[in-house]
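What follows draws every value from the coordinates through simple rules; no lab data is involved. Note that this is a predicted model, so its numbers are computed, not measured. Cβ atoms come from the backbone with ideal geometry, glycine included; neighbour counts cover every protein chain shown.
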Amino acid sequence: MNQEQREQVNRIMERADRKVWVTFRKEGIHRYPAAATDPALATGNEYDVSFLGVPHRHIFHFRVWIDVLHNDRDIEFIQFKRWLENLYRDGTLALDYKSCEMMSDDLYVQISSRYPDRAVWIEVSEDGENGALIRYETTHPNLSVKI
């Protein structure tokens, strides 16, 4: 690699978008009350999801990405994961009857208060099968561009 190529590689590495991610699971009961009565959901045919109107169990799968500012354990991911799990264990957060998107927003509020000004991506799924991904973007504190 010549000097110009090394400089280009270094510039790219300096501007790299760096994130760590963790996963965890949480058993929960939820329901979608409108599913029992909304004609668009309680269709009476193969697309009927009225059963979602009663409480039912899922294992909610979470994957959380967060910006890190350098490569040497800016956020130690085992500690981050344990902190996230404890938000549910200690009652700071509850799954209740929330959608995956609502759970994501609740989790983001907690993360952003502890780690401000960092982009956070949160994926929440029901049983690892269907879910939502929300990207909470922010301006990186060391850059003037949106990441």
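Phi angles across the range 124-134 convert, under the Karplus curve 6.51 cos²θ - 1.76 cosθ + 1.60 with θ = phi - 60°, into 3J(HN,Hα) values of 10, 10, 8, 6, x, 10, 10, x, 9, 10, 10 Hz, Gly and Pro given as x. For the chain, lysine pairs with C-alpha atoms less than 23 angstrom apart, excluding pairs fewer than eight positions apart on the same chain, total 5. Each helix, a run of at least 4 DSSP H residues, gives -39500 (n - 2.57); summed and divided by the residues of the chain, these come to -8500 deg cm²/dmol at 222 nm. In loop segments of the range 12-94 as defined by DSSP, the chymotrypsin sites (Phe, Trp or Tyr not before Pro) with at most 15 further C-beta atoms inside 10 Å of their C-beta are 47.
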